Amino acid sequence: MAEKKTNVAQKVKSAIEAAVIEAGYTLWDVAYYKEGPEMILEIAIDKKDGISINDCSLVTRLIEPIIDELDPIEESYCLQVASAGTVRPLNKDEHIQFACDGGLKVNLGLYVAVDGSKEFRGVISEYDESTITLVSEGIEHKFEKKQISKINAEFEACESAENENEENKDE
């Protein structure tokens, strides 16, 4: 079943990515999963100035017809379009590359402690298919990917999107 869910997410991503990019957004991730009794198709988007509720609504209207035409899901599901958020799991190589290129601070968790710690915070200086090098407090740490339980990047909330969301609350 997990393979089927991954295939749905990949099919949807392939179908909508060009339209999302053309509209001025980055398609951060597509996930298809079960939450309680519902199946969720979650589309995470981003843009330089941050994401507002209006952006989510616009992208929803943009991609719904594409997904409907593709018809990749047999059962009923809930489509959710949301900001990728200020704390993002780096689950894919493209996410790790984005964090590395942007010099983003990341929190890295390990399955087993190294040098007495299971948590490291720093900047990814390089990575390849099997290792990630993190610079933390001026010290370079090299981890095998199989040692890593999670990597989350922290983004600063964008003021313009926050202001737009506040204005929408007043309406």
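The values are calculated or read from the model by the stated rules, or taken from the named source; none is laboratory data. Being a predicted model, the structure only gives us computed values, none of them experimental. Quick reminder, even Gly has a Cβ in these numbers, built from the backbone with ideal geometry, and neighbours come from all protein chains shown. Surface areas here come from the heavy atoms of the whole protein model, side chains and all, with no ligands, DNA or RNA. Shrake-Rupley method; radii C 1.70, N 1.55, O 1.52, S 1.80 Å.
How large is log10 of I(q)/I(0) for the stretch 1-97 at q = 0.12, 0.18, 0.25 Å⁻¹ when the intensity is taken from the Debye formula with one equal scatterer per alpha-carbon? Evaluating at q = 0.12, 0.18, 0.25 Å⁻¹ gives log10 I(q)/I(0) of -0.36, -0.84, -1.54.
Extent of the chain along its three principal axes (Cα atoms, max minus min coordinate, largest first): 51, 41, 30 Å.
Summing charges over all other residues whose Cβ lies under 14 Å from the Cβ of THR60, with Lys and Arg as +1 and Asp and Glu as -1, gives -3.
Take the Cβ atoms of THR60 and SER136, set R0 to 35 Å, and the FRET efficiency comes out at 0.35. Quick one: in the stretch 8-62, what % of C-alpha pairs are over 14 Å apart? Counting pairs separated by more than 14 Å, the tail of P(r) holds 54 percent.
The sum of -39500 (n - 2.57) across all DSSP H runs of n ≥ 4, divided by the residue count of the chain, sets its helix-only mean residue ellipticity at 222 nm to -11500 deg cm²/dmol. Relative contact order for the chain: 20 percent, from Cα pairs under 8 Å spaced at least 6 residues apart, divided by residue count.
The long axis of helix 2-22 is offset from the longest Cα principal axis of the chain by roughly 70 degrees. Highest mean packing first, where packing is the average number of other Cβ atoms within 10 Å per residue, the peptides 20-33, 90-103 line up as 20-33, 90-103. Taking a sphere under 12 Å around the Cβ of VAL106 and counting the other residues whose Cβ falls inside, with K and R at +1 and D and E at -1, yields a net charge of +2. Protein heavy-atom surface of the stretch 26-86, 1.4 angstrom probe: 47% of the accessible area is carbon and sulfur, with nucleic acids and ligands not counted. Computed from Cα atoms, the angle from the helix 93-102 axis to the main principal axis of the chain rounds to 70 degrees.
Against the longest alpha carbon principal axis of the chain, how many degrees, from 0 to 90 and to the nearest 10, is the axis of helix 53-70 turned? Around 70 degrees separate the two axes.
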